[in-house]
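Comments concern the structure below.
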Amino acid sequence: MTTDLLAEGRRDEAMPFSLAAISGVVVFHLLAGLVVFAGFSWIALAVCMALFVVRALGITAGYHRYFSHRAFRTSRPVQFLLGLGGTLAAQGSLMWWVSHHRDHHKYSDTPGDLHSPVAYSFWRGHIGWLFRKKSLQRGGATVADLERYPELRFLDRAYWPIMIAQGVVLFFFGVLLNYLWPSLGTSGFQMLVWGYFVSSVLLLHNTFFVNSLCHRFGTRPYDTND
């Protein structure tokens, strides 16, 4: 088992980086940087933080606790809403996220763990793992329990259209607010930047710190390799 993990780690280290993945992450952060041109309004900040909280629940309660670990039961409509909330968080499609997270727990902090700051480096655990071609593929863990639901397969396949639609809705929401209540001082561009890009980048790093910072610091009250 150990030999297999070490071999897996060596193969992964030799795997080339993905220029598309690097460009995507860099561009997304640069778009968040447009906040210096978008200006500030309290309504834009409120939408930014509200979407941060709602989509964080989609990741933590949805992608993580419910879909990855099956930690609780719920109805199919709520299951769909949890999947939609996680999808809107701009952290990858449902099946992709779950397969990688299940791999993470199977090989936690060993060379088989794609984003371990212990087996590799803090940078690799935080965000560097996304730059490798292997990260663009699904993990090895099965997601057959999720694929039996057509609505979840739809969310997985429609990830990018949903991402685009989210940006369009936020832009026109800002346009509508400016038309109805110009005293709010917002605009379509401002709402897009604050509500989508700034909120998403903050949420991305909030999740990334679980992989990096929380695997390096803190207490470990239970004697487990998980």
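Details
- Amide H to amide H, with H built 1.01 Å from N, ARG132 comes under 5 Å of SER18, counting only residues 5 or more places away or on other chains.
- Answer label for Rg/Rh (Cα atoms, Kirkwood Rh) (calculated), chosen among [x] 1.00; [y] 1.10; [z] 0.95: [x]
- The chain: calculated mean residue ellipticity at 222 nm from DSSP helix runs of at least 4, using -39500 (n - 2.57): -17500 deg cm²/dmol
- Per-residue extension of 0.36 nm, minus the Cα-Cα distance of ALA71 and SER18, leaves a gain of 15.7 nm for this segment.
- Rounded to 10°, Cα long-axis angle of helix 199-211 versus longest principal axis of the chain: 20 degrees
- D (Stokes-Einstein, µm²/s), Kirkwood Cα radius, segment 164-226, 1.567 mPa s at 4 °C: 91 µm²/s
- At full extension, PHE122 and ARG220 could sit 33.4 nm farther apart than now, given 0.36 nm per residue minus the alpha carbon distance.
- Taking one quarter of the surface of the C-alpha convex hull of segment 26-103 gives a mean projected area of 6.3 nm².
- Protection-proxy order for peptides 57-65, 192-200, each taking the mean of Cβ atoms within 10 Å per residue, highest first: 192-200, 57-65
- Note that segment 63-171, at 25 °C in a medium of 0.890 mPa s, gets a Stokes-Einstein diffusion coefficient of 166 µm²/s from its Kirkwood radius over C-alpha pairs.
No lab work stands behind these numbers, since they all come straight from the coordinates. Just so you know, these numbers come straight off a predicted model, no measurement behind them. Note that each Cβ is placed from the backbone with ideal geometry, even for glycine, and that neighbours are counted across all protein chains shown.
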